[in-house]
Structure formats: structure tokens, C-alpha cells
Amino acid sequence: MKKRSLFYRQLKERGMVFVSLFALSIALGGMFWILGTTCLNGFSVLSWDFLTEPSKPYGIEPAGIGNALAGTFCITFAAALIALPPALAGGIWLAEYGKNKRFANMVRFGANTMMGIPSIITGLFIYAVFVVPAGHFSGFAGSLALAIIMLPIIMRTTEDMLLLVPNSIREAALALGMNRFRTTVKIVCRSARNGLITGIMIALARVGGETAPLLFTALYANTWCEHFFSGPTPNVPVLITEYATNSPYDLQHAQGWGAALIMMIFLLMINIGVRHFFAAKEYSK
């Protein structure tokens with residue numbers, strides 16, 4: 001009987017290992033397929049002019065994505081400036097001051113619900129409450145839409161990372177005479193710094209390629225970013241959409257692949273750079 005029980009346990013274990021490896025191979029296969037297709041189709045158009053020249057109307061050459069890259073940076077940077085202070089403050093409050101409180105539970109439920117809302121709904125919301133009253137599209141409206149998407153991600157990640165800090169660290173700081181606010185900011189947040197930065201990077205990666213919100217807010221323009229607050233603003237996600245779906249020219253199809261490759265490389269460099277930076281700091285200690 002014991003041998004039979006051991007046989008079934010080993011069979012289940014090997015079955016779970018097989019299922020896990022199979023699922024992992026599907027995930028990795030899909031990822032490498034996407035990466036390989038993007039590299040094969042987009043590498044041929046990469047050049048310095050492609051990165052620095054602005055986009056131009058259909059059929060006019062040479063054209064690049066320089067203005068779209070600058071517009072994406074402005075929109076994403078402004079979204080981070082808008083979302084980071086309330087998101088970090090909300091996450092700190094939930095972790096340190098809002099434990100087991102009814103209002104805190106409502107805030108958590110609202111943040112979890114916001115994380116599941118399709119991004120196009122966020123774009124339509126900003127379009128209705130900001131773009132229509134203003135009478136024009138703008139990069140700032142796009143930043144508002146992306147900030148709404150970033151806020152719950154950063155808030156919930158901040159709370160989770162702070163809850164991982166042992167209570168003994170808080171108790172030691174309080175025993176040494178520090179008040180609760182200084183303990184939270186100086187000790188707890190510093191201890192969870194790597195996790196907080198990771199949450200911010202996850203949020204940036206989440207909104208970096210969003211297209212639907214920008215179609216209703218920032219739209220697109222073949223100019224630079226001088227009308228960030230008062231007119232359509234160029235950005236890479238909408239450029240990729242326009243070149244891939246609306247352009248009749250094969251060159252612009254290739255440029256769309258090239259823009260997708262640049263975005264992929266950019267996000268990958270950010271994630272790898274942050275990981276190596278913190279790994280080096282931990283090693284230096």
C-alpha cells in the first residue's frame with residue numbers, strides 16, 4: 001500500500017513538472033516569436049536619420065520617428081509626475097496607517113478594480129471630461145489617461161512591498177526615539193526601495209506601449225512637441241498603429257516595425273539598467 005501511494009505521488013509530481021515545463025515553453029515560445037518577428041521586420045530601417053528625423057505625411061521621404069520618440073517621452077514623463085506622488089502616498093498609507101480599516105479596504109477594492117479596467121475606457125473618460133471641454137486633443141490629456149492607468153499599479157505594488165518589511169525594523173526605529181512618520185520614510189521606505197522602483201518600472205512598462213488611450217487624447221501630429229498642452233502630440237504607439245493599418249506604403253509598414261523594435265529595446269534597456277544598478281549597489285554594500 002505504501003509503495004502504491006509513493007508511486008502515485010511521484011506520478012503526480014512528474015505530471016506537474018511536465019505541465020509546468022509545457023506551459024513555460026509555450027510562454028517562452030510566444031515571446032521569442034514576437035521578438036524575432038519584430039527584429040526581422042524592423043531591423044532593416046534602423047538608422048540615425050530614422051531616429052532623429054520627424055515623421056512626415058504618407059509618401060514623403062525621408063521620414064523618421066524622432067518627433068514620436070520625443071512625444072512619447074514627454075507624455076510618459078508627465079504621466080509619471082502626475083501619478084507618482086498620490087500613488088506612493090496612497091500605498092504608504094494603506095501599508096502603514098490603513099491596516100484593517102474599512103476605508104482602506106474600499107481604497108484597495110477601488111485600486112484593484114481600476115487595474116482591471118480596459119485602457120480604452122480610460123481614454124474615453126479623459127476624452128469626455130477633458131478633451132471635449134477643452135476643444136482640442138493634447139499630449140497633456142494623454143498624460144492624464146496614462147497617469148490613471150499607472151496610479152493603481154504603483155499604489156498596490158507600494159503597499160505590497162512595504163508589507164514585506166519586517167515589523168522588527170519598525171519597532172527598533174521607534175524604540176530609538178523616531179516618530180512613526182520618520183520611521184516610515186527613513187527606514188521602511190528605504191528598506192523597500194528596490195521593490196518600489198520595480199513597481200514604478202512595471203507601471204511605466206505597462207503604459208509605455210498603450211495606444212487606445214492616446215487615440216482619444218493625444219492623437220498624432222507630424223510635428224515636434226511644441227503644442228503639448230494645446231494640440232495633438234506625436235507618440236510612437238499611435239504612429240505604429242497608423243503606419244501598420246492606414247498607410248498604403250510598404251516603407252512605412254517597415255518603419256512601423258522599426259518603431260516597435262525601438263520601443264521594445266528602450267523598455268528592455270530600462271528594466272535591465274535598473275536591475276543592474278540596484279544589484280551593483282547591493283554588491284557594494
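The values are calculated or read from the model by the stated rules, or taken from the named source; none is laboratory data. Only a predicted model underlies this, so the values are computations on that prediction, with no experimental measurement involved. Reconstructed Cβ throughout: ideal geometry from the backbone, glycine too, with neighbour counts over all protein chains shown. Surface areas here come from the heavy atoms of the whole protein model, side chains and all, with no ligands, DNA or RNA. Shrake-Rupley method; radii C 1.70, N 1.55, O 1.52, S 1.80 Å.
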Problem - Count of segment 231-249 residues which are farther than 22 Å from I265 by Cα and at pLDDT below 90 - result: 5
Exercise for the section: Residues being touching a Pro at 6+ places or on another chain (Cβ under 9 Å) and either surrounded by fewer than 18 Cβ atoms within 10 Å (Cβ to Cβ) or not in a loop (DSSP other than H, G, I, E, B) (or both): count how many of those fall in segment 55-86. Expected result: 10
Exercise for the section: Select from segment 211-242 the residues that are in contact with a helix residue (DSSP H, G or I) (Cβ under 7 Å, 6 or more places away or on another chain), open to solvent by less than 10 Å² (accessible area, probe 1.4 Å) and over 15 Å from A145 (Cα atoms) and list them in ascending order. Expected result: P234, V236, L239
Exercise for the section: Kindly establish whether G98 is open to solvent by 40 Å² or more (accessible area, probe 1.4 Å) and not in a helix (DSSP H, G or I). Expected result: no
Practice task
Using the structure shown, decide if V132 is hydrophobic (A, V, I, L, M, F, W, C) and either at pLDDT 95 or above or surrounded by fewer than 17 Cβ atoms within 10 Å (Cβ to Cβ) (or both).
Solution key: yes
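How do the helices (runs of 4 or more DSSP H) wholly within segment 106-199 filter down when requiring 2 or more residues that are of a type in the set (A, V, I, L, M) and touching a residue at least 40 places away in the same chain (Cβ under 8 Å): which remain? Step through it out loud before you land on a result.
Working: elements: 119-126, 139-163, 167-175.
In segment 106-199, 119-126, 139-163 are the helices (runs of 4 or more DSSP H) which contain 2 or more residues that are of a type in the set (A, V, I, L, M) and touching a residue at least 40 places away in the same chain (Cβ under 8 Å).
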Exercise for the section: Could you grab me the full set of residues in segment 11-48 that are open to solvent by 80 Å² or more (accessible area, probe 1.4 Å), farther than 21 Å from T241 by Cα and at pLDDT below 90? Expected result: L11, K12, E13, R14, W48
Problem - Subset of segment 235-250 [over 19 Å from the mean Cα position of the chain (by Cα) and of a type outside the set (S, T, Y)] - result: E242, A244, N246, P248, D250
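Do we have G91 as surrounded by 12 or more Cβ atoms within 10 Å (Cβ to Cβ) and either in contact (Cβ under 8 Å) with a residue 24 or more places away in the chain or assigned to a loop (DSSP other than H, G, I, E, B) (or both) here?
On the way: surrounded by 12 or more Cβ atoms within 10 Å (Cβ to Cβ): yes; either in contact (Cβ under 8 Å) with a residue 24 or more places away in the chain or assigned to a loop (DSSP other than H, G, I, E, B) (or both): yes.
So G91 passes the test.
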Fill in the blank from the handout: Scanning segment 201-210 residue by residue, those within 14 Å of I117 (Cβ to Cβ) and either among the aliphatic types (A, V, I, L, M) or surrounded by fewer than 18 Cβ atoms within 10 Å (Cβ to Cβ) (or both) turn out to be R206, V207
